[in-house]
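Working notes for the structure below.
The values are calculated or read from the model by the stated rules, or taken from the named source; none is laboratory data. As the structure is a computational prediction, the values presented were derived from the model and not from experiment. Here Cβ is always computed from backbone atoms with ideal geometry, including for glycine, and neighbour counts include all displayed protein chains. Just the protein is used for accessible areas: all its heavy atoms, side chains included, with ligands, DNA and RNA removed. Shrake-Rupley method; radii C 1.70, N 1.55, O 1.52, S 1.80 Å.
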Amino acid sequence: MKLNITCIPGDGIGPEIVAEAKKVLNKVAEVYGHEMIFKDVLMGGCSIDAYGVPLTQETIDAAKAADAVLMGSIGGNTSTSPWYKLEPSKRPEAGLLGIRKALGLFANLRPAYLYPQLKEACPLKEEAAARGFDMMIMRELTGGLYFGERYTKEVNGELTATDTLVYKESEIRRIAIKAFEVARKRRKSVISVDKANVLDSSRLWRKVVEEVAKDYPDVKLEHMLVDNCAMQLVRDPAQFDVVLTENMFGDILSDEASMITGSIGMLPSASLNDSSFGLYEPSHGSAPDIAGKNIANPIATVLSAAMMLRYTFNLDKEADSIENAVRKVLEEGYRTTDLMGNAKESEFKKVGCSEMGDLLVERILSL
Ligand code: NAD
């Protein structure tokens, strides 16, 4: 199979971690008989330096022409970088919002998985960490409170601020369909999270999700109120498989879920539109504090590449081979600096970004 992938290495550690993900993808291509065609484009701070804007039409066109986009991360040190003296619409992050909009990405997928080898990093009680967890938070990206009408005006002599939470049936239906499709590739369970005891938008959410569920009789659906979900995530995260939720609840719950894994350098993400196209990137930022030192952890980006194989190209075996390679290097005791925690250097084998990439490449096997 020919895989056309546009890469946006971005800023900070972005180019280092994307280089490692490409190495791993090239090895997958060699082992499984595929052809990877990569095209690199600029976005974020490096695009501001080259073209004066964080996102050019050329980058949008290159992304649209590809089957998928693999991104590193964009942005710089927000206190010291000259990029942050520009007005907000010209800063690096504006590029990210612009490309998400241009590509119509509405479903954000963020897995939270506790690697048994890293459970000391999990801040939960020992029993919860021992049970482990493996969930996928699916967040709606284009509707809800962040995109509703908002204004502040004086009412009866005092300033009053209003934000509105709007959801259309069609917006709920398309993300619900994605969630049930993703559940079919996992443990076939969806927990839909809302606040249906209070909000009209949540009552519509629940109704539409139930309608969609009828087309997926093999997938179990439950509903959970968002306040309960926030508690359950720290009490018993093992109960979750796919968590489906609206924009703001998802923003908060996905950060909570990533915190309980305890290792930011391990978390991939995907943003999908209504075709098989997706933009895949690590959940972390551009880490300008460690850029250029060859100490960044490339695993979140490598796992984002695995998600790309699974969700855009339907290459499950190839994706499994990458995830297995990650488990193997951890089992064998290799760690980048961020995964060392308080461990003594003698307990693990500390490696840099490119060495970690090489170790993963060596462990890509035909399944
Ligand atoms: P960050 O995630 O870049 O860094 C937070 C901490 O985690 C830092 O100490 C960093 O060194 C460490 N870290 C992050 N990723 C790591 C990795 N792969 N390996 C080892 N250590 C890692 O968050 P921040 O410092 O708040 O933001 C830095 C820049 O990134 C900002 O400009 C921010 O706007 C941008 N950002 C971009 C995205 C994106 O492109 N989607 C997302 C978040 C932040």
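The residue that is farthest from the chain's Cα centre (by Cα), counting only those in region 26-44 that are in a loop (DSSP other than H, G, I, E, B), touching a residue at least 40 places away in the same chain (Cβ under 8 Å) and at negative phi, is 34. Screening residue 255 with (1) more than 23 Å from residue 144 (Cα to Cα); (2) surrounded by fewer than 17 Cβ atoms within 10 Å (Cβ to Cβ); (3) within 16 Å of the ligand (Cβ to nearest atom) gives one miss only, at (1). For region 293-317, filtered to residues that are more than 12 Å from the ligand (Cβ to nearest atom) and among the polar types (S, T, N, Q), the residue that is farthest from the chain's Cα centre (by Cα) is 314. All of (1) under 26 Å from residue 264 (Cα atoms); (2) assigned by TED's automatic domain parsing to the domain that holds residue 68; (3) open to solvent by less than 70 Å² (accessible area, probe 1.4 Å) hold for residue 140 with one exception: (2). Filtering region 105-122 for residues that are within 16 Å of the ligand (Cβ to nearest atom) and either in a helix (DSSP H, G or I) or loosely packed, with under 15 Cβ neighbours inside 10 Å (or both) leaves a non-empty set. Keeping to region 97-151, report how many residues are among the charged types (D, E, K, R), at pLDDT 95 or above and either farther than 27 Å from residue 180 by Cα or touching a Phe, Trp or Tyr at 6+ places or on another chain (Cβ under 9 Å) (or both). Count: 3. Checked against (1) among the charged types (D, E, K, R); (2) assigned by TED's automatic domain parsing to the domain that holds residue 48; (3) touching a residue at least 24 places away in the same chain (Cβ under 8 Å), residue 134 passes all but condition (2). Can you name every residue in region 137-174 that is part of a strand (DSSP E or B) and in contact (Cβ under 8 Å) with a residue 60 or more places away in the chain? Across region 137-174, the qualifying residues are 137, 138, 139, 140. From the list 132, 148, 144, 157, which residue is small (Gly, Ala, Ser) and farther than 30 Å from residue 234 by Cβ? 157 is the lone residue from the list that is small (Gly, Ala, Ser) and farther than 30 Å from residue 234 by Cβ.
Residues in region 61-92 that are in contact (Cβ under 8 Å) with a residue 40 or more places away in the chain, under 20 Å from the mean Cα position of the chain (by Cα) and either assigned to a strand (DSSP E or B) or surrounded by fewer than 18 Cβ atoms within 10 Å (Cβ to Cβ) (or both): 68, 69, 70, 71, 72, 73. Being under 19 Å from residue 115 (Cα atoms), touching a residue at least 40 places away in the same chain (Cβ under 8 Å) and not hydrophobic (A, V, I, L, M, F, W, C) is not true of residue 194. With the condition kept exactly as written, say whether any residue in region 231-244 is in a loop (DSSP other than H, G, I, E, B) and either in the same structural domain as residue 80 (by TED's automatic domain parsing) or under 11 Å from the mean Cα position of the chain (by Cα) (or both). No; the residues of region 231-244 include none that is in a loop (DSSP other than H, G, I, E, B) and either in the same structural domain as residue 80 (by TED's automatic domain parsing) or under 11 Å from the mean Cα position of the chain (by Cα) (or both).
Of everything in region 4-58, what is among the β-branched types (Val, Ile, Thr), open to solvent by less than 40 Å² (accessible area, probe 1.4 Å) and farther than 17 Å from residue 71 by Cβ? Give them in sequence order. 28, the sole residue that qualifies. For region 1-16, name all the residues that are within 16 Å of the ligand (Cβ to nearest atom) and in contact with a His (Cβ under 9 Å, 6 or more places away or on another chain). Passing the criteria: only 13.
Within region 264-292, being near the ligand (Cβ under 9 Å from one of its atoms), polar (S, T, N, Q) and assigned to a loop (DSSP other than H, G, I, E, B) holds for 283, 286. A single entry from 320, 358, 338 fulfils the requirement of being away from the ligand (no atom under 16 Å from the Cβ), within 22 Å of residue 12 (Cα to Cα) and part of a helix (DSSP H, G or I): 358.
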